[in-house]
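Contents: one structure, followed by commentary.
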Amino acid sequence: MADRFDVVVAGGGIVGLSIAFALTREGLSVAVLDRRQPGREASWAGAGMLPAQSDPDRTPSHPTLALRAWSARLYPEWSAVLREETGIDNGYRRSGGVDVAMTETDERDLRTTAGRWRVEGIAYERLAPADIARVEPALTTDLRAAYFLPDRAQIRNPWHLRALAEAFRLRGGIVLSHRGVEGFATQGDRVTGVRTADGEVHAETVVVAAGAWSGDLLEGVGVSAPTPPVKGQIVLVDCGRPVLRRIVEHGKRYLVPRDEGRVLIGATEEEAGFDVLPTADAFQSLLDVAASLCPALADARIEATWAGLRPGSLDSRPYIGLAPGFRNLVVATGHRRAGLQLSPATAELVADVVLGRPPRIDLGYFRVDRSPAPAGDDVFRS
Ligand SMILES: Cc1cc2nc3c(=O)[nH]c(=O)nc-3n(C[C@H](O)[C@H](O)[C@H](O)COP(=O)(O)OP(=O)(O)OC[C@H]3O[C@@H](n4cnc5c(N)ncnc54)[C@H](O)[C@@H]3O)c2cc1C
């Protein structure tokens, strides 16, 4: 194996693998190093919900919304390419979604959110009570409001990760499992490679996409990019028959129907350090919410429960761009609850940075050394 690459990517989650895939499409030699097996952390644990595509003729001017809209447009395109190149179906489906309100406050919040959808050109319809039963008959009749979003989509993230890794390998990319990056070799304002327990791997550019572990790794070269882990727990139940057809969201809780009557119930948002053990109270609260939204789920068989660590950031925005003080150390992390949905456009932006092209979205908003956004600036939802 070569020990010198155009780019070394530290971290083989969805962000790292998407970047690696995008860079090999540009003809670069790339190695992905992961301290474990790639694609087994947050990116595996996630629910795979993707936002609805907005009107392609209305590119949002806000960088966050532009990143989301671009990703939503790239997903069907990437899914087709991955399928063609690897034969793997990543499960991309435009299954549609229903957002529901159970209280007066929920209803007000949803009305505000619907205002944003309108501005972004996202198709939606407020459902009359009789139509709720038509669109999603298993939902409780105890709803104050429901909005239907026909273009909301989902992927099977473990399948997508497999497809990305395979497409990357087929283009000559190297994946090194159990090769944790321990630090960086530097010369002035340049990195010359990464240090591992098995020696140095040299690179023209290094990309840090190590999820919730990125902050600690970057601190080793004096770069401050905190990525506090945000624990998310999820429960998978089996109803034995298809009960729901659409993704159902109620605030930060959701139901994602899978094939053959399975439903994912997510997700908690907890500050628990690097602990990934599921807990009884989270489990119970998810089941309670699920049964209140969809009474049939009270009888479902519990198949599995797990937790993952979302990479947080200073505020709710990801970090995308050069590490301060370095000309060829790139950071792509901190996507919190939206790493699956934002990964394709993040990868394309990193390709712009690596190749020295003008970035297709202004990166000022995502720069590592930005001033933190004020609280309430969270426009990502999943
Ligand atoms: C329960 C739950 C539900 C979610 N649902 C959704 C959803 O529906 N939609 C959505 O968009 N997002 C969702 N998310 C968020 C999403 O999963 C994350 O934002 C995303 O997976 C982050 O990807 P990542 O590649 O940055 O991190 P990770 O997937 O954590 O990958 C980081 C990788 O880096 C490796 N690594 C760490 N340290 C090193 C090192 N020193 N050297 C080399 N490798 C290293 C790790 O082993 C890991 O493989 C959810 C998350 C959770 C937990």
What is the dipole size for segment 97-150, taken about its Cα centre, with +1 at each Lys and Arg Cβ and -1 at each Asp and Glu Cβ, in debye to the nearest 20? 180 debye
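Given Cα pairs under 8 Å that are at least 6 residues apart, what percent is the relative contact order of segment 97-150? Write down the numbers at each step before the final one.
Details: 63 pairs, mean separation 29.8, N = 54.
Reported relative contact order: 55 percent.
Do you know the relative contact order of the chain, to the nearest whole percent, from alpha carbon pairs under 8 angstrom that are 6+ apart?
Relative CO of the chain lands at 22 percent.
Counting only protein heavy atoms, what percent of the accessible surface of segment 297-338 is carbon or sulfur at a 1.4 Å probe?
Working: 690 of 1410 Å².
That share works out to 49 percent.
Given Cα pairs under 8 Å that are at least 6 residues apart, what percent is the relative contact order of segment 156-290? The partial results should precede the final answer.
On the way: 190 pairs, mean separation 20.7, N = 135.
Once divided by the residue count of segment 156-290, the mean separation gives 15 percent.
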As I understand it, the value is the acute angle between the Cα axis of helix 14-25 and the longest principal axis of the Cα atoms of the chain; what does it come to in degrees, rounded to 10? 60 degrees
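Could you give the size of the charge dipole of the chain about its Cα centre, using +1 on the Cβ of each K and R and -1 on the Cβ of each D and E, expressed in debye and rounded to the nearest 20? Walk me through the intermediate numbers first.
Numbers: 45 positive and 49 negative charges, 114 e Å.
Rounded to the nearest 20 debye, it is 540 debye.
For segment 229-311, state the semi-axes of the equivalent ellipsoid (square roots of 5 times the eigenvalues of the alpha-carbon gyration tensor), sorted largest first and rounded to whole angstrom. Before the final figure, lay out each step's value.
On the way: eigenvalues 99, 29, 25 Å².
Semi-axes, largest first: 22, 12, 11 Å.
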How many Å² of accessible area per residue for the chain, probe 1.4 Å? 41 Å²
Degrees separating the helix 339-355 axis from the principal Cα axis of the chain, which is the longest one: 30 degrees
Expected unfolding gain across Asp109-Leu170 under the 0.36 nm per residue rule, minus the alpha-carbon gap, is 17.3 nm
Between Phe184 and residues 5 or more places away or on another chain, which pairs have amide H atoms under 5 Å apart, with H built 1.01 Å from N, and which residues are they? Arg195
With each pseudo-label sitting 7 Å past Cα toward Cβ, what's the Leu355-Ser285 distance in nm, one decimal? 4.5 nm
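Relative to the present Cα-Cα distance, how much length would full extension add between Val119 and Arg370 at 0.36 nm per residue of separation?
Details: separation 251, 0.36 × 251 = 90.36 nm, distance 2.67 nm.
Stretched out fully, the Val119 to Arg370 stretch lengthens by 87.7 nm.
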For segment 180-219, compute Rg over Rh where Rg is the Cα radius of gyration and Rh is the Kirkwood radius from the inverse mean 1/r over Cα pairs. 0.94
Antiparallel bridges, percent of DSSP beta bridges restricted to the chain (to nearest 5): 70 percent
Counting every Cα pair in the chain, what percent are over 27 Å apart? 47 percent
Would you please state the base-10 log of I(q)/I(0) at q = 0.16, 0.24 1/Å for segment 97-150, with intensities from the Debye formula using one equal scatterer on every alpha carbon? -0.43, -0.91
What residue among Val221, Ala267, Val330 has its Cα farthest toward the positive end of the dipole of the chain, where the charges are +1 on Lys, Arg and -1 on Asp, Glu, each on the Cβ? Val330
Name the residues of segment 155-180 whose amide N is less than 16 Å from a point 7 angstrom out from the Cα of Arg25 along the C-beta direction? 160-173
Between Ser292 and Asp131, how many nm apart are label points set 7 Å from Cα along the C-beta direction? 2.6 nm
Most to least accessible of Arg337, Arg118, Arg171 (protein chains only, probe 1.4 Å): Arg118, Arg171, Arg337
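Ignoring any ligand, DNA or RNA, what whole percent of the accessible area of segment 55-160 comes from carbon and sulfur when the probe is 1.4 angstrom? Before the final figure, lay out the partial values.
Details: 2440 of 5010 Å².
Roughly 49 percent, rounded to a whole number.
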Hey, what angle do you get for helix 280-293 against the long axis of the chain, alpha-carbon based, 0 to 90 degrees rounded to 10? 50 degrees
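State the extension gain, in nm to one decimal, for the chain segment bounded by Asp362 and Ala304, taking 0.36 nm per residue of separation less the distance between their alpha-carbons.
Taking Asp362 through Ala304 to full extension adds about 16.8 nm, to one decimal.
The values are calculated or read from the model by the stated rules, or taken from the named source; none is laboratory data. Only a predicted model underlies this, so the values are computations on that prediction, with no experimental measurement involved. Counting neighbours? That spans all protein chains shown, and the Cβs are built from the backbone with ideal geometry, glycine included. Each accessible area value is taken on the protein alone, full model and side chains, heavy atoms only, with ligands, DNA and RNA left out. Shrake-Rupley method; radii C 1.70, N 1.55, O 1.52, S 1.80 Å.
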